[in-house]
Every structure is written in C-alpha cells, then in structure tokens.
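Just below is one structure, and these are the notes that go with it.
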Amino acid sequence: MDINSIISSFGLVGGYLLSTNGISLLLIGTIIGLIAGIVPGLGAMTTLALLLPFTYGWGPLDAMILLSAVCGAVTVGGSVPAILINTPGTDSNIATTIDGYPLAQQGRAIEALGTAALASLFGSVIGLVIFLPMIPVLGRVSLAFGPPEVFWLGVFTLVVLSTVTGGSFLVNLLVGSLAFVLSTHGLGPISGVPRFTFGITYLWGGIPLVPALVGIFAISEMAKLYSQQSEREEKRLEIKGSRKNAIKNILANFPLVLRTSVLGFIIGAIPGVGGTVANYLAYGQAVQFSKDRSKFGKGDVRGVIAPEVSNNAKDVGQLVPTLTLGIPGSGTMAIFLGVLTLHGLNPGPFLLRDHLDVVTMIVLALAMGFLISCFGVFWFGKYLAKFLRIENRTICLFVVVICFLASFFIRNQIIDCLVMLIFGVLGYFIDRLKGSRVLLALPIILGPIIENNLILANQISGGDISYFFGKISISIILLTFFSFLYPMLKRK
Amino acid sequence: MKKRNVNLVGIVFSLLIIAYCVVIAIEMKKYKTGIIIFPSVFLVICFVSVVATLLLYLTDWAFLKRVDGISMLKSFSLSENESTEKATDAVNECTKRKHYTELKVLFSFFLFFLMVYLFGFLPAISVYSFLFSFLSSQTVKRSIVTAFLLTVCGYLFYAVLPGGLWPGVFFG
C-alpha cells in the first residue's frame, strides 16, 4: 500500500461523497447525530444500533457515510446539554459541564457553545492530521498478519478489553468468553456442520447480529433512561452571549488545543478506554498547566476547550485500533465493526488491505460530520437546544417501537424481536453487574472471523503447532499476559 | 455484626451461565474435535471466570476481589468499588427503586412483544404506546397524539417492507 493508492482512494471516495446521494446522507446523518447528541441518554451507541438495520441492503460506502456522520456529530451535539442544562449529552461530554454550565449561568451560553464547537472542530482536524500519515504505516503493519495472528488478536482483544473497559474484570472476562461461545451457535465456518442448535432451525443461522446489537445497546439503555427523571425544564436558561468571544477564546488558548488534541488522540487509540477518561484527563491537564486555577469550576473557557478538543480527537484516535486490528476503540466502534460484517466486509487487519475505499470513506465522512455539526452548533446552538424539551419517557417509547420494527425489518422474522429483547435483558444485567456491554457485542461480530482464521491456520500448518507461534503471535501473547499481569502486580 | 450485602442478581446470573456451560459441554460430545476447538477454548475461560465470579459473590474472598479489580486504569480500581459499598442507606433505597422501575420497563417490553405476536404490529403499537404514555403520567390528549404518531411510523414500515409487517397470530 503506497501513498499514491491512498491519495487516489481519497479522490475517488471524495467524489462519491460530494455526489447528491453522498451529501444527502451526510446531512441526514449529521442532523440525526446532532439530535442524538443533544438529547441526553440517546448517545452514539443507541443511535448507531438503531440505524444499523436500515442500512442493510445499501452499499457499504453509503452506510459508512450515514453512520460516520452520525458518529462525528453525536459528540459535538453532546456539548449542548452539558453547557445549557448541566447534563452531558454523551459520556464524552461529562467534564464539559464543570465549566460550561457556570458560563451559561453567567449569560455566556452562546460563547460557551461557540467555544465548544470550535474546540471540537480543532480537535477533530488535528486528530485527522495525526491519523492520515499513519494510514500507509498501519497498512504495512496489517499486511504482516496471517490467520494465527488474527486468532491470537481475538484472545488479546478479550483480555485487554476486560482490563480497560472498567468495572468488574471477572464479569468482563465471563461476558466476553460467553459471547464467543454464543457466536459459535449455528453452521460452523468452513465445515458447514450445525453446532449447538438443539434441533431448532432458527439457530442454524447463528445469533442474528442486528437484533443482538439493537438489544445490547438500545433496549438495555432505554430501561435505564426511563428511570431517570427529566429535570430539564427547571434548568432551562436564557441563551445569550457573543460568538466573537468564542473565536478569541480558541486563538488565545491554542497551545492548550494542541496539547489536548494529542492527548485525546492517544487515549482514543488505546482500545476500550472511553471518552470519559479522555475528557477528564484533558480537563485535568488544562488545570495542571494553568497558572491561575482559581476560575476553574466557576466558568473558565479553558475548562470547555480542553474536554471538547480531546473528545473529538479521541474519536479519530479510535479509528487506529478499529480499522487496523479490528479491536474497537469504544462501543461505537464495536457497532461500526458490526456494520462492516453486515455488509460482507471482514473487520480486522485485512480491512485496510482489501477495502481501502471503505476506510477512506469512514475518515472523510467522519471529518465532514465533524465539520457540519461544529458549524451547526456554532451558529444554531440556540435553536438546537429546543430538542432538550423532549422527555426521557417519550424518547424511550419511540426508540423501543423503532427497535422492534428495525429488528423485524432485516429478516421479516418475529422471533428476531424476541432475540433482541433477550439480548437487551442480558445487556441490562451485565451493566448492573459492572460488566461491559461492548464485550458482549464484539465477540458476536468477530467470533466467526476469528474461528475461521483458527481453522485456516490449523489447515495450513498441517498440525505443526509452531505455526501458531510466529514472532507476531508471540508478541501478541506476551502483550496479552502483560495486560493481565501488569495491573495485578501494580496494585501489590 | 455488620450484615454483608449479597449480590443476588449476580448469583442468579452466574448460576444461569453455569447451567448454559454445562449444556454446551454435554452437547459438545456429539461433534468432532475439529469443529469444537474454538468454542471449547472459550467455554473453558467462561466456566473458570463464572465459577470465580460466583465464589466472589458468595464468599467475598480477598484474592478474588483483587483479581476482580484488575484494571489498566486507576479510575476503575478497587477504591471506586469500596466507595460504592459505603453508600448510605438512602442511596441504596433510591438505587433499589430505580432498579425496580427499570425491571418494570423491561417487563413492559416483553408485554409489547406478546401483543405484537398476538395482534400484529399496528394494533400493538397503538395500544402499547397509548398505555405507555398514559401510565407515564402524560395527559390523555398527549398519549393519543404519541400513539397516533407511532402508529403512522409503523404504517410507513408496513408500506415499505415487501412482506409487510407481522400481522399477528389472530389476524394472520
């Protein structure tokens, strides 16, 4: 993979993105993403899981335009409720509330929204500037992977996500391995022999991906959303302030923008570390590097800039493990991998080699999604805030009905709705036991691919076990042990 | 003596997973080795971790607690769990109430499924969305509007889908 092929791919994909179809999808995705970000509780994972079934039957490029635009816009939109009602739209906007809301209380809401929008824009642009030159290098790295390495990568994903997603390590490990076993129901790869079907014809096709993802990410989330009381009415503020000050704020704090962009990108590139971590670390960084810390928490623009820059750079950083290794940087990226599978593409190290156009489309659409949504929040933040009036319970009802319709939509099977509910309940209890729902979803997506590679490796090796322990495989195995043992030893 | 909080949900969850593992392990005997290598690797990991989880819930064993707290990130370490355990009774009561509401909502989703299965999508959507809105302390007028909007949404699916929507066992 050389620079020329990457540039020509960007040219081709860019042309498609600028077609009527591409622009329409981009705008629709950005609007949906902004609304999903603004309405607290919806978030990227629920929205992507809901949209996933509707992209079935589309070309992968079209699906990627819509979903990448949503992904880009959600984080930007999440800053609106964080600033206006002290409630983060997504997990990645938590730290924005610390100084964003006091600014709004001081009558500087538009300035805070504008600053957040520009900070998001700079965060994403700097993130992309770091990411783009990495593509050829990452492409070369991914070419070094063969079937045994992909298998070990699967084991590594399970262990590393169990240790970094937070909560209970044992529950995470249990959930991840359980999901790998669940992924083996149905016809075995290559052999075609039905496994663990218990005489049920429905199980021959395995666990249906779309209902499972919708259940895990949307249904369980809606149960939680319903129980949260809407307190938005009381918190509503008058929205006023100056956009010019927002531009001045960014220019005056450009070194902070640069620092937190790099920090956000690095955190995003570590699989499983969520936006909350990036958000708080960037905020902490802004405080630490500041000479005058007295204003933090009382309405300091640096307290809005740092978290907003980092959470957008983090979104770009997440593409590194997701697109090169098939290890998702977050739950959102796990759904992205599901989308790829749904469209017949194999997520993992071979994606860059085999589907460079899809990768470049994700990058471009994400960048455009960021750009349009930042523009939207900067100019129309005041009007977008009207979506905050929608009550949690109304959102919950609409999402649940659409979940049912979407799950039925794919295969016209009513039993898919039941599967969705079962996975929803499973996801809910995993959450209650401090486990990660991403670990339940990911093996269902990646399990068949990893098993395929294990069987292939076994056939190629002809029983020679050393084939499974090449240089890269050993490095992955060592990394797996390290990610398990290091935190354990560190705490002694 | 201080009463220890038993994680009943965790225990039931672990027992269900153990039962699932046993069923799969018995089923595995029917297949050739070649096609069960992959599931058996993860079944073993699953079984070991579920037994460890169950032991942790039942005994509060310090070693298992330490293993359970393994995290690459400090913010998610044991200290956070400890602070959670120290939550006041009022907070516990509030959490209990929240969990109860969540379970009720999940149960209502299953009722919705049953309605869809029996009467088909369109009647089920109208009735369920009206009841859901009305019981969530909304006015009759608003509940009717919500139900109408969602039924229209359902009808759009009916119009778009080649096979239509599920008509229900009574009307199908």
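So, of the residues in region A:35-83 that are farther than 14 Å from residue A:331 by Cβ and hydroxyl-bearing (Ser, Thr, Tyr), which turns out to be surrounded by the most Cβ atoms within 10 Å (Cβ to Cβ)?
A:79
If you go through region A:1-49 one residue at a time, how many are over 26 Å from residue A:311 (Cα atoms) and of a type in the set (Phe, Trp, Tyr)?
The qualifying residues number 1.
Need a quick list: helices (runs of 4 or more DSSP H) entirely within region A:309-389 having at least 1 residues that are surrounded by fewer than 24 Cβ atoms within 10 Å (Cβ to Cβ) and of a type in the set (S, T, N, Q).
The helices (runs of 4 or more DSSP H) meeting that bar are A:319-325, A:331-342.
Residue A:484: at the interface with another protein chain (Cβ under 10 Å from one of its Cβ atoms), surrounded by fewer than 21 Cβ atoms within 10 Å (Cβ to Cβ) and either under 25 Å from the mean Cα position of the chain (by Cα) or under 30 Å from residue B:151 (Cβ atoms) (or both), yes or no?
Against the criterion (at the interface with another protein chain (Cβ under 10 Å from one of its Cβ atoms), surrounded by fewer than 21 Cβ atoms within 10 Å (Cβ to Cβ) and either under 25 Å from the mean Cα position of the chain (by Cα) or under 30 Å from residue B:151 (Cβ atoms) (or both)), residue A:484 qualifies.
What number of residues within region A:393-411 satisfy the criterion of being within 9 Å of chain B (Cβ to nearest Cβ) and over 24 Å from residue A:342 (Cα atoms)?
5
Are any residues in region B:139-162 more than 9 Å from chain A (Cβ to nearest Cβ) and outside any helix (DSSP H, G or I), and if so, which ones?
B:139
Do we have residue B:136 as facing chain A (nearest Cβ under 8 Å), under 22 Å from the mean Cα position of the chain (by Cα) and at pLDDT below 90 here?
Yes: the conditions hold for residue B:136.
Among the residues of region B:42-56 satisfying the criterion of being at the interface with chain A (Cβ under 9 Å from one of its Cβ atoms) and either in contact with a Lys or Arg (Cβ under 6 Å, 6 or more places away or on another chain) or of a type outside the set (Val, Ile, Thr) (or both), which is nearest to residue A:196 (Cα to Cα)?
The extreme case among them is B:43.
Residues that are at the interface with chain A (Cβ under 9 Å from one of its Cβ atoms), surrounded by 12 or more Cβ atoms within 10 Å (Cβ to Cβ) and modelled with pLDDT of 85 or more: does region B:85-100 have at least one?
For region B:85-100, residues at the interface with chain A (Cβ under 9 Å from one of its Cβ atoms), surrounded by 12 or more Cβ atoms within 10 Å (Cβ to Cβ) and modelled with pLDDT of 85 or more: present.
For region A:44-154, which fully contained helices (runs of 4 or more DSSP H) count at least 1 residues that are closer than 30 Å to residue A:461 by Cα? Outline the logic, then answer.
On the way: elements: A:60-84, A:96-105, A:109-131, A:134-143.
Fully inside region A:44-154 and qualifying: A:134-143.
Taking only region B:13-41 into account, find how many residues are aliphatic (A, V, I, L, M) and more than 9 Å from chain A (Cβ to nearest Cβ).
7
State all residues of region A:412-425 that are out of contact with any Ser or Thr (no Cβ under 7 Å at 6 or more places or on another chain), more than 7 Å from every other protein chain (Cβ to nearest Cβ) and under 19 Å from residue A:441 (Cβ atoms); if no residue qualifies, say none.
Matches in region A:412-425: A:419, A:422, A:423.
Those residues that are in contact (Cβ under 8 Å) with a residue 60 or more places away in the chain, more than 9 Å from every other protein chain (Cβ to nearest Cβ) and hydroxyl-bearing (Ser, Thr, Tyr), I need them from region A:175-212; list them, please.
Within region A:175-212, A:202 is the sole residue that qualifies.
The values are calculated or read from the model by the stated rules, or taken from the named source; none is laboratory data. Keep in mind that what you see is a predicted model, and the values were worked out from it rather than measured. Counting neighbours? That spans all protein chains shown, and the Cβs are built from the backbone with ideal geometry, glycine included.
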